[in-house]
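Peer 1: Just dropping this structure here.
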Amino acid sequence: ETIPVELHKVRIVQKLHLRPVDERLDAINKGGYNTFLLNTKDVFLDMLTDSGTNAMSDNQVSSMLKADDAYAGSQSFYRMEEALRDVFGKEHILPVHQGRAAENVVSQVFIKPGDIIPMNYHFTTTKAHMELNGGKIFEILTEEGLKIKSNHPFKGNIDIQQLKDLILQYGAEHIPFIRLEASTNLIGGQPFSIQNMREVKAVADEYGIMIVLDASLIGENAWFIKQREEEFKNTSIRDILRMMCGFADIVYFSSRKVSSTRGGGICTNSHELFLKMRDLVPLYEGFLTYGGMSVREIEAMAVGLQETTDETVISQSPSFIEYTVKELDARGIPVITPAGALGCHIDAMSFLEHIPQKEYPAGALAAALYIISGCRGMERGTISSVRNENGEDVLADMELLRLAFPRRVFTLSQTKFLIDRVHWLFENRKLVGGLKFVEEPEVLRFFMGRLAPV
Ligand code: F0G
């Protein structure tokens with residue numbers, strides 16, 4: 001057994017609550033069987049997301065004290081701009097309040113009705129913004145990408161032949177950009193390789209199409225490149241990050257994931273692209289030197305970006321995820337392999353074979369795990385999808401329960417508690433029934449929707 005070791009110590013703590021099971025049952029009932037609608041006072045291990053919940057370092061917290069409050073021209077912004085230039089190697093920076101705000105700006109500026117956007121895989125908010133602007137997305141992962149069990153090191157890779165076919169079919173003029181998502185979230189935090197980026201870039205250059213990189217989980221993707229791509233085993237994370245960003249015309253990110261607890265940004269080396277996007281920032285976000293963030297958050301973001309280049313920081317979450325995936329796999333529990341970034345992903349479709357997909361097995365598993373353990377995960381399946389024009393559910397490619405490992409938040413004993421509870425639930429899985437919607441919002445329904453047992 002390889003045990004992951006924490007290369008940090010805990011210096012500020014928060015008390016957790018492990019409520020009795022009848023109180024948890026009551027809480028999930030009140031929350032419409034949707035883990036987004038739970039109150040954290042009823043949650044033991046909050047594994048909903050790593051977004052805005054990664055632990056901050058002593059250096060990040062102390063930097064927040066020197067924040068320079070100003071509507072315009074804040075020195076905090078210039079420090080963040082310097083950090084982004086240094087770590088991502090991009091000259092022009094537009095700050096935004098979080099990742100989806102960057103998606104709003106990029107989609108509004110570059111997507112016209114009828115355009116198509118090829119990408120390795122969608123993220124929920126990305127897809128919503130692109131479709132809102134009349135675009136249609138095409139997911140062109142290689143065949144490995146959607147396999148639950150695999151030992152392919154780079155399941156986030158784009159299939160180059162499919163990319164060429166799409167360009168020939170629709171014409172480069174209808175493709176504003178190709179989108180690459182680092183540590184591809186919805187397929188289990190799976191990375192792509194530098195080799196794949198090179199190949200995508202060659203095609204993009206041939207047809208004069210831009211590349212947009214979603215860098216929200218870029219640190220972990222860089223870590224996997226160092227671990228899994230022979231050519232880069234001796235390259236520093238700093239150099240790999242620079243290389244990855246170098247392939248993209250525009251890099252955008254949710255800073256809630258990449259380096260701090262709030263914020264986001266868009267960067268580019270092209271002055272022309274920068275000018276095209278610039279005016280939307282004061283309109284939707286705030287003045288160009290804060291973009292809807294507090295200056296304290298901007299300071300933490302700058303320090304966090306530098307810390308992303310530290311292997312002991314960036315490897316922590318992947319090493320705990322790998323431990324959990326191996327332990328669950330050894331107990332016969334269906335999990336996505338190889339272990340990726342962000343969290344451990346359980347395949348709810350085979351975990352709950354007796355629940356048909358239209359009764360939302362991943363949502364049912366999320367609710368059941370909460371009831372029996374107090375651990376809160378997130379449904380990533382059909383509930384997180386949308387209905388088609390005829391009002392029918394579009395069944396998701398995968399029904400996943402995601403158990404996120406925010407960086408440096410949980411200990412190994414908490415991780416072992418989780419593994420033990422998931423194992424108990426697996427042995428008793430026939431107790432779990434399906435769900436149906438009782439209240440269903442039209443946009444991003446998974447956030448606020450309410451469900452009930454079938
Ligand atoms: N892109 C990716 C790859 C993401 O994972 C997220 C957020 C966003 C964009 C949007 O960023 O939340 O700052 O607006 N992912 C979170 C998650 C919500 O839980 O996976 P945001």
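Peer 1: Anything in region 91-143 that is among the charged types (D, E, K, R), within 16 Å of the ligand (Cβ to nearest atom) and touching a helix residue (DSSP H, G or I) at 6+ places or on another chain (Cβ under 6 Å)? List them, or say none.
Peer 2: If the condition is that a residue be among the charged types (D, E, K, R), within 16 Å of the ligand (Cβ to nearest atom) and touching a helix residue (DSSP H, G or I) at 6+ places or on another chain (Cβ under 6 Å), then Arg100, Glu103 are the ones that fit.
Peer 1: Which residues, counting only those in region 225-261, are farther than 16 Å from Arg179 by Cβ and in contact with a Gly (Cβ under 8 Å, 6 or more places away or on another chain)?
Peer 2: Ile237, Leu241, Arg242, Gly246, Ser255, Arg256, Lys257, Val258, Ser259, Ser260, Thr261
Peer 1: Further, regarding this structure: Pick from Arg296, Arg262, Arg256: which is farther than 27 Å from Val200 by Cβ and within 22 Å of the chain's Cα centre (by Cα)?
Peer 2: After applying the criteria, what remains is Arg262.
Peer 1: Continuing with this model, one more query. For Asn54, which of the numbered conditions (1) crowded, with 21+ Cβ neighbours inside 10 Å; (2) not in a loop (DSSP other than H, G, I, E, B) fails to hold?
Peer 2: Of everything listed in (1) crowded, with 21+ Cβ neighbours inside 10 Å; (2) not in a loop (DSSP other than H, G, I, E, B), Asn54 misses just condition (2).
Peer 1: Give the residue, chosen from Leu342, Leu352, that is within 16 Å of the ligand (Cβ to nearest atom) and either touching a residue at least 24 places away in the same chain (Cβ under 8 Å) or assigned by TED's automatic domain parsing to the domain that holds Glu399 (or both).
Peer 2: Step by step, each of Leu342, Leu352 is checked, and only Leu342 is within 16 Å of the ligand (Cβ to nearest atom) and either touching a residue at least 24 places away in the same chain (Cβ under 8 Å) or assigned by TED's automatic domain parsing to the domain that holds Glu399 (or both).
Peer 1: Could you check how many residues of region 206-260 are within 13 Å of the ligand (Cβ to nearest atom) and part of a helix (DSSP H, G or I)?
Peer 2: Residues meeting the conditions: 8.
Peer 1: Next question. Looking at this structure, is Lys164 over 18 Å from Leu280 (Cβ atoms), surrounded by fewer than 20 Cβ atoms within 10 Å (Cβ to Cβ) and either more than 16 Å from the ligand (Cβ to nearest atom) or more than 18 Å from the chain's Cα centre (by Cα) (or both)?
Peer 2: It is true that Lys164 is over 18 Å from Leu280 (Cβ atoms), surrounded by fewer than 20 Cβ atoms within 10 Å (Cβ to Cβ) and either more than 16 Å from the ligand (Cβ to nearest atom) or more than 18 Å from the chain's Cα centre (by Cα) (or both).
The values are calculated or read from the model by the stated rules, or taken from the named source; none is laboratory data. Predicted, not measured: the structure shown is a model, and the values here were computed from it. Neighbour counts are summed over all protein chains in view; Cβ atoms, including those assigned to glycine, are modelled from backbone coordinates with ideal geometry.
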